[in-house]
There are 4 protein chains.
Amino acid sequence: MSSNSFGNIFKITTWGESHGKAIGVVIDGCPAGLNITDEEINYLLSLRAPGRSSYTSPRKETDRAQILSGVFRGKTTGAPISIIVYNEDHDSSKYEGIKNILRPGHANYTYLEKYGIFDYRGGGRSSARNTVSIVAAGAVAKKFLAHNNINIVAYLKQVNDVIVKNKIKDLKTLSEETKKSAVFCPEEKSSLEIMALIEAIKEEKDSLGGIVEFIAEGVPVGLGDPFFEKIEANLAKAMLSIPASKGFEIGDGFDCVHTRGSENNDIFVVENDKIKTNTNHAGGVLGGISSGMPITGRVVFKPTPSIEKKQKSIDTEKNNVELSLPKGSRHDPCVAIRAVPIVESMAALVLADCLLLKRSSKL
Amino acid sequence: MSSNSFGNIFKITTWGESHGKAIGVVIDGCPAGLNITDEEINYLLSLRAPGRSSYTSPRKETDRAQILSGVFRGKTTGAPISIIVYNEDHDSSKYEGIKNILRPGHANYTYLEKYGIFDYRGGGRSSARNTVSIVAAGAVAKKFLAHNNINIVAYLKQVNDVIVKNKIKDLKTLSEETKKSAVFCPEEKSSLEIMALIEAIKEEKDSLGGIVEFIAEGVPVGLGDPFFEKIEANLAKAMLSIPASKGFEIGDGFDCVHTRGSENNDIFVVENDKIKTNTNHAGGVLGGISSGMPITGRVVFKPTPSIEKKQKSIDTEKNNVELSLPKGSRHDPCVAIRAVPIVESMAALVLADCLLLKRSSKL
Amino acid sequence: MSSNSFGNIFKITTWGESHGKAIGVVIDGCPAGLNITDEEINYLLSLRAPGRSSYTSPRKETDRAQILSGVFRGKTTGAPISIIVYNEDHDSSKYEGIKNILRPGHANYTYLEKYGIFDYRGGGRSSARNTVSIVAAGAVAKKFLAHNNINIVAYLKQVNDVIVKNKIKDLKTLSEETKKSAVFCPEEKSSLEIMALIEAIKEEKDSLGGIVEFIAEGVPVGLGDPFFEKIEANLAKAMLSIPASKGFEIGDGFDCVHTRGSENNDIFVVENDKIKTNTNHAGGVLGGISSGMPITGRVVFKPTPSIEKKQKSIDTEKNNVELSLPKGSRHDPCVAIRAVPIVESMAALVLADCLLLKRSSKL
Amino acid sequence: MSSNSFGNIFKITTWGESHGKAIGVVIDGCPAGLNITDEEINYLLSLRAPGRSSYTSPRKETDRAQILSGVFRGKTTGAPISIIVYNEDHDSSKYEGIKNILRPGHANYTYLEKYGIFDYRGGGRSSARNTVSIVAAGAVAKKFLAHNNINIVAYLKQVNDVIVKNKIKDLKTLSEETKKSAVFCPEEKSSLEIMALIEAIKEEKDSLGGIVEFIAEGVPVGLGDPFFEKIEANLAKAMLSIPASKGFEIGDGFDCVHTRGSENNDIFVVENDKIKTNTNHAGGVLGGISSGMPITGRVVFKPTPSIEKKQKSIDTEKNNVELSLPKGSRHDPCVAIRAVPIVESMAALVLADCLLLKRSSKL
């Protein structure tokens, strides 16, 4: 057990605070022989970075990840891969003024009660800044999966009532369209509508929630270990570990409540001599094990709790106070947007681990 | 890592198959000194058992759990607690006829591909029968939680369009009303409507999905370890480990997509000199750590995949076939009903573990 | 983490007390497709059983292990393998008289202090009786290793000044000679001398220590994961987990203190086009990874602390007392003898796990 | 499971290579509120550093550890503590000439076979250089132990036939005398004799083995979890994880083979109303749990395999070759000397973890 680690064989250990010296991750268990470079990691980090458009936090992060170990002449050696991203100098002084105020929707109260101490500068360990570790490790996992012909794409599925409905058949196109959109929404019309919603909510100094969907293709039959290492159980844990996430569903998820067995069962058929199902309500898993169909799931993110609007609260001395965020503390109007590459990375970490566990299933 | 284990300190290891000799669980890490008896475990198992009413499987299971170790003169000793439930003799011969057929919505195809072998008698390891282990271990976890004034109640929240809407303020009443209902639904009107839905679907030889909600009260501030042992992340993993579950949400969950930050943030207030929030959209967690408010979540279950209706499928030789379940293979028309005590047990296992982990948070 | 579990992928969880209802083990992670029967397990248990000769405890144990899960039609299915051995009815009443006495060399004092409760009947969880679980699980591990052409033999190497010195070249012969000896000592002269020592110590109502050696042949190059899953580190942990063990060494072990590098280094040579070393001071490991040479190590066991001789002690109330073991509490004059199959099993568990971990070392 | 991690609650993850960019460790699970500084870590690193005297490697390492996370205003926050030590620029080119030679006593052959790739610069991940991580983490563990009045001292016990025999009663004096000695040997006469041995072996371009002993005082009764988290089992694993270690013993260890039960049993007595034993053959553990007596153990280290003397070997193409170490590759004539602070750190890591696990033993 280790609160900041995830995975069984392909295992990551994360560390860092928002305004600390650096943030990083150690990947242990990545097989030897994989080609990986700083650049590949930094490309994915650039997608996660704020300031990519006016729809995310205007904060500038010019994160540069550096591989410190485990890679020799461009190839993994089987040794732990340590990746570091130095934080830029932050002016943490502005947080002094609100350090004793319980921030609604925030972790400062619970951290203080649990640990008796809270690194309040920029949210410390509870900050979404720490997902830098996830995306860096995810880059390595994605490379390993690509070597095994598995690809994953995540995108913004819904904000308020705007929902992406059309299925894009081809994963490559989906990926391209998603990256084209400033809000990672692959459907042009929905993308524009979401941008409009976000412009409006920014005006009101408020924030919005959203849903991110992911699709993994090329997943072989047989990944996932019942009873407790089911593929959907590990995906659920991974996704609910992302700050601000409040729910996860696989396949048709909560919609199952409205269907009956005869509709929801995916029927097995043979196509080009291969076994598949004619629908995919299950989202690519049966009994916790991948079925060979695409693995699909969704994660919901709450509206950013840090809003510019004034809020009532109390302080640690139980006095009533009014909370105004310090000037210059710039926040995302909708964290779901920047969660897109994080969801993709989490899915990659789960699948990479399953892929290695699979090697022990038979004699 | 161990696929059939769950938990960090309060850790369970489960084993058994539907038609094997027995099913069991080993609990390691339960503190010494807890009073626990076979009877307490068997009472909870009786709630899970099929045949409790006409709304669940008519199968008879007279499960009797026996504690084999770890308890001396009625008290836990700190040694592993082994609990066993012998399976009654089953006639497994009827499964011979369908053993080569890929069953829609079932795990036999994925197990066969993964392991090269499948104990097809009654679903083997993939059977929901294995949740007997969860409920038995959950009984011990619940006893430990009760010792710490933490109580959990789960109930059937929704089937199709029938939703329990009224909040029952008092957990004790909720528990009583839930147990009174043949379908574990605490609201009389909804309970009757759900029964009617189930009567109808049985006529059609089909099945229905459902949603189970749980509420944990008395949870102190400070349970849950960021980054990856967040309380909601472990709940998500636990719930998605239950057979047929397809999604989990905490607090307002997926509804967050329709709200804004200023609505969704729970405002801190002081009541009787204690800190609480005036709403509980978060479901009792902030930053992965319990806030002292009730922990609430929901799990969705797909319609039972085993239906009496004839279904098209293929066999392992890729021939088209028609699947008729063997006579006497009696299934639940709605697995969500019997999932109620399982969800309650899973939540208990997560909280018991968090409670012990909490002991290491400070010097 | 789980105190009663061992292994990473091939993982066991043990449970039971000396005078409890049963003792058992759950093996999780054994690959599917392995042939294994109750008989194979019971054969190894018979070697561990007391009463095999006059040189071990006269207690009669007619242990019969039963596989309860994870095996279908003689083959493992990939599901957890639960093995149970019921304890015979013991008369535990005789322990009542000494239950408050701190027993020299025993765990009752430390258990009481740690847990506040102690199942004193026959030593409870601290009893060597619990190694039944190890031997049962070891039988499965040995079968898996044999499938991979790896074989392990342990034997009694030393008691007092009697040391087995001749190396027996052939593992099969070593195994046969060892089993022929009532004290598991493969050299006839030493075997007789050790028996004489034990006869004498029994007369004196005292006990002796001993050293057990093991040799594993057929181990491929590449097992063991630096830094903390080194093969010798896991062997050390396994061996020091055996009750009454006080030390472990690999290869030349403590004798290294008397040699110099140029003597101790094993020189690489090519023989029949295969790489090997001309000596094996290292005991088959280099940098924590198996070198392809036989893996050899030794474990020392202290003299049985339970002796018939009267001993001074105190009771839980800190009064001076004299301890006389209850009549009929029969103990081994030298636990090292019966430790032989346990050491063999522990080595098998470590190697089986390493073998599976190895599958993830390369792309 | 994670090959480069150790511990259950107080858990470390290590990374780095000898000639890589940096070496580091992440400590997860250290309770919040502990005062710790870079300086405290660097002081212990200075003891481990080569070049401290002419009896260790003349290599210069001016290691400076830096805490990158988990500490806020001098106190741990409960978040993971990341510690980094940058490697100085090394000229790795000299290793090019021997990169295809199998080095006797070294890990390059086994690494190459296991991973298909080997970072041969300075030994890569297999280098003793990586124990920097252990000592850095050990510094934090020692601070936590000191807060709980537990102190550990290790010292050089034996080289060849020179053995430290006098017991130094007082741990503080032992610590001071040890640090005074250039070879960490607290007895002046033995210290001088060992220095003479080392001077002589350096002349011969050869190396020597040695034994390191540790003593932990102030350990409360009740640390260590049977069956597999026994305190001696975890110490054994920790010690055999140190490069070049070949054996571990607790208490009287291998000497037990020469004693009988009535001699080896430590008798319980009451002194100043406290329970203790009048001898400590057991080394402070009974049944895997600490007894309150000092915990003592020994670790043997083989002679450094890297020697200047020419050695026969083969290369990866199986050609016979002669190995001469590259000029400037400076090695310790006796690794046991510099192992002293490492053994101390490993013991601290084990005890810190046990101390936290202990918190869950009772209700």
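Every number in this text was worked out from the coordinates using simple rules, so none of it is lab data. No experiment lies behind these values; they were computed from the predicted model shown. As a convention, Cβ positions derive from the backbone with ideal geometry for all residues, glycine included, and neighbour counts pool all protein chains shown.
The three principal axes of the C-alpha atoms in region A:1-67 carry coordinate ranges of 39, 29, 21 Å, sorted with the longest axis first.
Each 5 Å bin, from zero up to the one with the longest distance, holds this percent of the alpha carbon pairs of region A:1-154: 2, 9, 16, 20, 18, 14, 10, 7, 3, 1, 0.
In units of the compact-protein estimate 2.2 N^0.38 Å, the protein assembly as shown shows a Cα radius of gyration of 0.89. Could you tell me whether region D:66-148 comes out rounded, prolate or oblate from its Cα gyration tensor? Rule is a ≥ b ≥ c as square roots of the eigenvalues, rounded for a/c under 1.5, then prolate if a/b exceeds b/c, otherwise oblate. The shape class here is prolate. Between the residues C:Ser290, C:Phe254, C:Asn278, the greatest Cα displacement towards the positive end of the dipole of region C:234-342, with unit charges on the Cβ of Lys, Arg, Asp and Glu, is found for C:Phe254. Look at where the Cα atoms of region A:27-44 and of region C:76-109 average out, and the two centres are 50 Å apart. What sits nearest the axis between copies B and C, counting only chain B Cβ atoms, is the residue and whole-Å distance B:Thr13, 2. Each Lys and Arg adds +1 at its Cβ and each Asp and Glu adds -1 at its Cβ; summed about the Cα centre, region C:282-363 shows a dipole of about 140 debye. Taking B:Ser53 in one copy and the same position in all the others, each labelled 7 Å out along Cα→Cβ, what are the pairwise distances from the first, in nm, shortest first? Spacings between copies for this position, smallest first, are 5.0, 6.7, 8.1 nm. The string of couplings for region D:156-164 from the Karplus curve (6.51, -1.76, 1.60, θ = phi - 60°) is 6, 8, 7, 9, 6, 9, 7, 10, 6 Hz, one whole number per residue in order, with x for Gly and Pro.
Legend: mean number of C-beta atoms from other chains within 10 angstrom of residue C-beta atoms, peptide B:207-219, equals 2. Taking a ≥ b ≥ c as the square roots of the eigenvalues of the Cα gyration tensor, an a/c ratio of 1.5 or more together with a/b larger than b/c marks region D:30-89 as prolate.
Note on chain D: semi-axes of the ellipsoid equivalent to its C-alpha gyration tensor, largest first and rounded to whole Å, are 34, 25, 19.
As a ratio to 2.2 N^0.38 Å, the alpha-carbon radius of gyration computed for region A:211-329 takes the value 1.54. Shielding of peptide B:21-32 by partners, expressed as the average count of other chain Cβ atoms within 10 Å per residue Cβ, is 6. Count Lys and Arg as plus one, Asp and Glu as minus one, and take only other residues whose Cβ is under 10 Å from that of B:Ser2; the net charge is then -1.
A point 7 Å from Cα along Cα→Cβ stands in for B:Lys167, and the other copies hold the same point at 3.9, 6.6, 7.6 nm, listed in rising order. Placing unit charges on the Cβ atoms only, positive for Lys and Arg and negative for Asp and Glu, gives region B:141-249 a dipole magnitude near 320 debye about its Cα centre. Between C:Pro31, C:Pro303, C:Pro50, the Gaussian network model of chain C with springs among Cα atoms under 10 angstrom shows the greatest mean-square fluctuation at C:Pro31.
Here the calculated FRET efficiency for D:Glu199 and D:Asn166, from their Cβ-Cβ distance with R0 = 30 Å, stands at 0.80, rounded to the nearest 0.05. Taking 23 Å as the limit for the C-alpha separation, the pairs A:Lys142/C:Lys11; A:Lys142/A:Lys230; B:Lys276/D:Lys11; A:Lys310/D:Lys75; D:Lys205/D:Lys237; B:Lys157/B:Lys180 exceed it in the case of A:Lys142/C:Lys11; B:Lys276/D:Lys11; A:Lys310/D:Lys75; D:Lys205/D:Lys237. Using equal-weight Cα scatterers in the Debye expression, the normalised intensity of region D:269-351 in log10 at q = 0.14, 0.21, 0.27 Å⁻¹ is -0.72, -1.05, -1.27. Rounded to the nearest 20, the Cβ-based charge dipole of the protein assembly as shown about its Cα centre (Lys and Arg +1, Asp and Glu -1) stands at 0 debye. For the options B:Thr77, B:Thr316, B:Thr56, a Gaussian network treatment of chain B with springs between C-alpha atoms closer than 10 Å singles out B:Thr316 as fluctuating the most.
Is the shape of region A:129-196 best called rounded, prolate or oblate, per the rule: a/c under 1.5 gives rounded, else a/b larger than b/c gives prolate, else oblate, with a ≥ b ≥ c the square roots of the Cα gyration tensor eigenvalues? Taking the square roots of the gyration eigenvalues as a ≥ b ≥ c, region A:129-196 is oblate. Shielding by partners for peptide B:270-283, expressed as the average number of C-beta atoms from other protein chains within 10 Å of each residue's C-beta, is 2. Between copies, the label points of C:Glu204, set 7 Å from Cα on the Cα→Cβ line, lie 3.9, 8.5, 9.0 nm apart, reported in increasing order to one decimal in nanometres.
log10 I(q)/I(0), Debye, Cα-only region A:124-277, no solvent, q = 0.17, 0.21 Å⁻¹? Debye curve over Cα of region A:124-277, log10 I(q)/I(0) at q = 0.17, 0.21 Å⁻¹: -1.39, -1.71.
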